Structures are given as structure tokens and as C-alpha cells.
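I have placed the structure first, in the form of C-alpha cells, so that the comments after it can refer back to it.
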Amino acid sequence: MITVYTKDNCQFCDMAKALLESRGVEYTTINVSEKSEARDYLIENGHRSVPQIFKGTTHIPGGYQGIAGMSEEEFNTKVKGN
């Protein structure tokens, strides 16, 4: 399962979610504006911005730009898991 750490009024978060939806990827969101423990988790792991995207416990680097810049094959392997 894909998890997107997001916050309110974040253009790149919205773009990441839209990209995932357009490629048929199911995901859950965790809003760090509402859950301080989620924000703390990201900070403890060296992430200072959102969106942060994880497949299970594996971090997918680069946020929106990271997934948008992937080839279809790479996206299918790293995000979809095909």
C-alpha cells in the first residue's frame, strides 16, 4: 500500500495524489498538519518537506517530482509493484 504524507494547502501534495490516481494507484494519506506524531516521524527520519511517499515502509525519494520523473517501467516496479 502506498502512503502519502501530506499537509493542508500543498500544491505538490495535490499533484502527487492526482498522479497516483491517474495511474490507478490506491493510496492512503496522512496529514501532518493534523497528526503531530506523523510530522515528528518524518522529521526523525530526515524528511523536512511533503509530500513524502512510502510503499509499505520503503521510502520513495523525491516526492511528487520523484514519481513524476519515473519512466513507466520504473513507476510500475517501484510504486505499483508490477
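The values are calculated or read from the model by the stated rules, or taken from the named source; none is laboratory data. Since this is a predicted model, take the numbers as computed values, not measurements. Methodologically, a virtual Cβ is constructed for each residue, glycine included, from the backbone with ideal geometry; neighbour enumeration extends over all protein chains shown. In case anyone asks, the SASA skips ligands and DNA or RNA and just uses the protein heavy atoms, side chains included. Shrake-Rupley method; radii C 1.70, N 1.55, O 1.52, S 1.80 Å.
Give the residues of segment 6-20 that are of a type outside the set (A, V, I, L, M) and part of a helix (DSSP H, G or I), sorted by residue number. So that I can check it myself, show each step before the final result.
Step one: filter segment 6-20 for residues of a type outside the set (A, V, I, L, M), giving 6-14, 17.
Within segment 6-20, GLN11, PHE12, CYS13, ASP14, LYS17 meet the criteria.
Looking at VAL25, VAL50, which one is open to solvent by less than 80 Å² (accessible area, probe 1.4 Å), touching a Cys at 6+ places or on another chain (Cβ under 8 Å) and either assigned to a loop (DSSP other than H, G, I, E, B) or free of Cβ contacts under 8 Å to residues at least 40 places away in the same chain (or both)? Walk me through it before giving the result.
Values: VAL25 fails: touching a Cys at 6+ places or on another chain (Cβ under 8 Å).
Selected residue: VAL50, the only one of VAL25, VAL50 that is open to solvent by less than 80 Å² (accessible area, probe 1.4 Å), touching a Cys at 6+ places or on another chain (Cβ under 8 Å) and either assigned to a loop (DSSP other than H, G, I, E, B) or free of Cβ contacts under 8 Å to residues at least 40 places away in the same chain (or both).
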